[in-house]
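Structure, as structure tokens:
We did not get these values from a lab; they are worked out from the coordinates using the rules stated. None of the values given here were measured: they were computed from a predicted structure. Here Cβ is always computed from backbone atoms with ideal geometry, including for glycine, and neighbour counts include all displayed protein chains.
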DNA sequence: TAGATTGTTAATCGATTAACAATC
DNA sequence: TAGATTGTTAATCGATTAACAATC
């Protein structure tokens, strides 16, 4: 496990490390210790050193890690040095909100394609992205080299949309519906279910478990 | 730990159990085994029995669990037998998408309050919810008995909004910005960061790790 | 050299799972 | 009674953390 095997927990922490490091780089801090980084991200310093070592990232004993080097390496690991064109299926409020959200393009996920079956929506434009019929999905995904598909349709359509995305060759899917989707093993799906997030919050509220769960400092989603 | 202590992992699985059970109830299945439920949710049957036992839910040996009883008990645990009025801070695309999303009200989280500092937005209405100035937050939260606050503002405002929500007595917060917020120990925060979700997807894509991570069957967010 | 900090081993912790006696 | 399935113990697994030799 010392090299090559990267746990899901490690992957989940990488974006947090990166955010913290980018702030340090902006503040012209050239070097950072695992202790310092750990404190900012809210984990143990041994965990930071282990996470970085598992990516093959090394520091200097007595000194720490070079911030610029860390930022570069983690960015490479997360694929942030390249663009991942995104297709959003469903041009309802959520689909339009995602398309309008400039933060995604800034972080390398430009939304290039918006699909919907509603004839009233087809042909309209959201933040410069034209809405196309879902029937054109396969052709457009290939034409635009779409790397990530987002399911922002009603829950009933989730599986059907996932199937269409997979058939078109998309291997990364973000599912915003309440309905889990089944996909072949080479495809990665993550699900963001708003009602589930709220239900988990209300569970803690109900139980008065906030402080006993070590929350307070935010409980991360991943 | 056998009783009273409920792990975060267990809490995260409850909504999935409930979804599956509701389908069974609709199909008039009166009883379910831990084995059957485990298969539907994608966990081990011992985990199901342990999760349920930790909530004080018992089944019948040789028979299984009564579906209606399970649905009721888990609903109570998740607080679904009551309403949790929600306040959304930020009436941008995301805030409006959330307010328009009927799935939340259906699952007990009606959005009762929408706040924004933009004078052009104040006074407008989204799905019947009027936009109020953020300065009125404390008074309106009390008046409407808001239980959950949602931060849907630009990242820079996240901490300020969290502070205002906490000061107004809100103890459950869902944060949609990329910025983690610090809150007192009695407050529960969950964060949903879209760019982070996409970055994790692209990491797996980059590495070709999909099948080796046991994804395929969806990797849940929680 | 003295102080700091990494890289890694061994200990710990917590969660998952196999296994099975209890019992419907 | 025979078959099924729970409730729970003990084993396993994986991830976190303490500790410390290596070394800048």
Query - GNM result for chain A, Cα springs below 10 Å: residue of A:67, A:141, A:88 fluctuating most strongly - result: A:67
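In deg cm²/dmol, rounded to 500, what helix-only [θ] at 222 nm does chain B give when every DSSP H run of at least 4 residues adds -39500 (n - 2.57) and the total is split over its residues?
It lands at -12500 deg cm²/dmol.
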Requested in this report: Could you work out which residue, out of B:40, B:107, B:61, moves most in a Gaussian network model of chain B, that is, has the largest mean-square fluctuation with Cα springs under 10 Å?
Outcome: B:61
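May I ask you to derive the relative contact order of the range A:88-134, considering only C-alpha pairs under 8 Å and at least 6 residues apart, and to give it as an integer percent? Walk me through the numbers before you get to the answer.
Values: 66 pairs, mean separation 17.9, N = 47.
Value for the range A:88-134: 38 percent.
By how many nm would the segment from residue B:182 to residue B:142 grow when fully extended, if each residue of separation counts as 0.36 nm and the alpha-carbon distance is taken off?
Values: separation 40, 0.36 × 40 = 14.40 nm, distance 2.23 nm.
Separation in residues times 0.36 nm, less the Cα-Cα distance, equals 12.2 nm.
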Report task. Between the label point of residue A:62 and that of the same position in each other copy, find the distances and list them shortest first in nm, with every label point placed 7 Å from Cα along the Cα-to-C-beta direction. Result -> 7.4
Query raised in the report: Does a label point 7 Å from the Cα of residue A:155, set along Cα-to-beta-carbon, have any residues of the range B:17-35 with amide nitrogen under 17 Å, and which are they?
Result: B:17-28
Query raised in the report: Out of the DSSP beta bridges found with both residues in chain B, what percent are antiparallel (nearest 5)?
Result: 20
Report task. Given the options A:105, A:139, A:158, state which has the largest fluctuation in a GNM of chain A using a 10 Å cut-off (strictly under) for Cα springs. Result -> A:139
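Indicate, rounded to the nearest 5 percent, the antiparallel portion of the DSSP beta bridges found entirely in the protein assembly as shown.
Values: 10 of 48 bridges.
Roughly 20 percent of the beta bridges in the protein assembly as shown run antiparallel, per DSSP.
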**Report entry** Inter-copy label distances at residue A:33 (7 Å, Cα→Cβ; nm, one decimal)
**Finding:** 5.7
Query - Average Cα contact separation per residue, chain B, under 8 Å, 6 or more apart, as relative contact order % - result: 13
Report summary line: Exposure-ranked with fewest Cβ neighbours within 10 Å first, A:30, A:20 stand as A:30, A:20
Query raised in the report: Can you name the chain A residue with its Cβ nearest the rotation axis from A to B, and give the distance in Å as a whole number?
Result: A:97, 2
**Report entry** Value of relative contact order over the range B:90-207, rounded to a whole percent, pairs C-alpha under 8 Å and six or more apart
**Finding:** 18
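Please give the length that would be gained between residue A:127 and residue A:72 if that part of the chain were fully extended, namely 0.36 nm times their separation in residues minus their C-alpha to C-alpha distance (nm, one decimal).
So the chain would gain 16.8 nm between residue A:127 and residue A:72.
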Query raised in the report: If the label for residue A:125 sits 7 angstrom from Cα along the Cα-to-Cβ line, what are its distances to the same label in every other copy, in nm to one decimal, shortest first?
Result: 3.1
